[in-house]
Amino acid sequence: QQQVKQSPQSLIVQKGGIPIINCAYENTAFDYFPWYQQFPGKGPALLIAIRPDVSEKKEGRFTISFNKSAKQFSLHIMDSQPGDSATYFCAARWDKLVFGAGTILRVKS
Amino acid sequence: DGGITQSPKYLFRKEGQNVTLSCEQNLNHDAMYWYRQDPGQGLRLIYYSQIVNDFQKGDIAEGYSVSREKKESFPLTVTSAQKNPTAFYLCASTPLRDSNQPQHFGDGTRLSIL
């Protein structure tokens, strides 16, 4: 019940495309859902986060969609660029953060 | 600039050897965390500490030990009991009183077996 399931494991899109990464959870006590971006050899950095009382949040080209009844949330990257190529992690927090397994995104120029 | 400093960036361990990974933060954060990252497995929590001189086991604490003698420092020792230590180790911190604050991560230490 503490798991967060993330898909796909990897994703390749063309520049300008809209990659979508999905996450699902079971524990309804989770109250905070962040997404992290990680470049090779670096630690993850917070990209955007949402709380379960909001269905969508946008920050620049990044959008989180949240479906509380389905217990799913997803990250959309609009107008993706080669510089967006990185590993993306979803996470959920109750008393501690629980991370998804990560999605390796490659944006081809 | 405030942040989390992990050292060394790369570390090699011999059989039967204990090694210690350093994590220092100047963010005045209360809580500190150690994660292990393996390909395809996300980040798994090893140990965490919410206050000086106190720490709790995470999901994969076996073969690891920590101390929290100062608020700024949370070193992780990988003991010889950890049979598969090769991984990327990440330290993180967060303030406890502001639930809107995200975890801040260091840039990690990559540990390999010699």
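Quick rundown of the values:
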{"read-out": "Residue match in segment A:20-34 (condition: more than 12 Å from chain B (Cβ to nearest Cβ), in contact with a Phe, Trp or Tyr (Cβ under 7 Å, 6 or more places away or on another chain) and farther than 30 Å from B:GLN6 by Cα)", "value": "yes"}
{"read-out": "Residue count, segment A:60-109 (criterion: of a type in the set (D, E, K, R) and on the phi > 0 side of the Ramachandran plot)", "value": "2"}
{"read-out": "Count - residues of segment A:71-109 that are aromatic (Phe, Trp, Tyr), within 14 Å of another protein chain (Cβ to nearest Cβ) and either within 19 Å of A:GLY17 (Cα to Cα) or surrounded by 18 or more Cβ atoms within 10 Å (Cβ to Cβ) (or both)", "value": "3"}
{"read-out": "Residue list for segment B:78-108, filter: in a strand (DSSP E or B), of a type in the set (S, T, N, Q) and at the interface with chain A (Cβ under 10 Å from one of its Cβ atoms)", "value": "B:THR94"}
{"read-out": "Condition check for A:GLY41: outside any strand (DSSP E or B) and closer than 17 Å to A:THR103 by Cα", "value": "yes"}
{"read-out": "Among residues of segment A:13-32, those that are within 19 Å of A:LYS57 (Cα to Cα), modelled with pLDDT of 95 or more and in a strand (DSSP E or B), counted", "value": "6"}
{"read-out": "Tally, over segment B:65-77, of residues that are among the polar types (S, T, N, Q) and part of a loop (DSSP other than H, G, I, E, B)", "value": "1"}
{"read-out": "Residue check for A:LYS68: out of contact with any Gly (no Cβ under 9 Å at 6 or more places or on another chain), in contact (Cβ under 8 Å) with a residue 12 or more places away in the chain, among the basic types (Lys, Arg) and surrounded by fewer than 18 Cβ atoms within 10 Å (Cβ to Cβ)", "value": "yes"}
{"read-out": "Residue count, segment A:64-109 (criterion: in a strand (DSSP E or B) and within 13 Å of A:TYR36 (Cβ to Cβ))", "value": "15"}
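The values are calculated or read from the model by the stated rules, or taken from the named source; none is laboratory data. What you are looking at is a predicted structure, and each value in this text was computed from that prediction instead of being measured. Cβ sites come from the backbone with ideal geometry, for glycine too, and all protein chains shown count toward neighbours.
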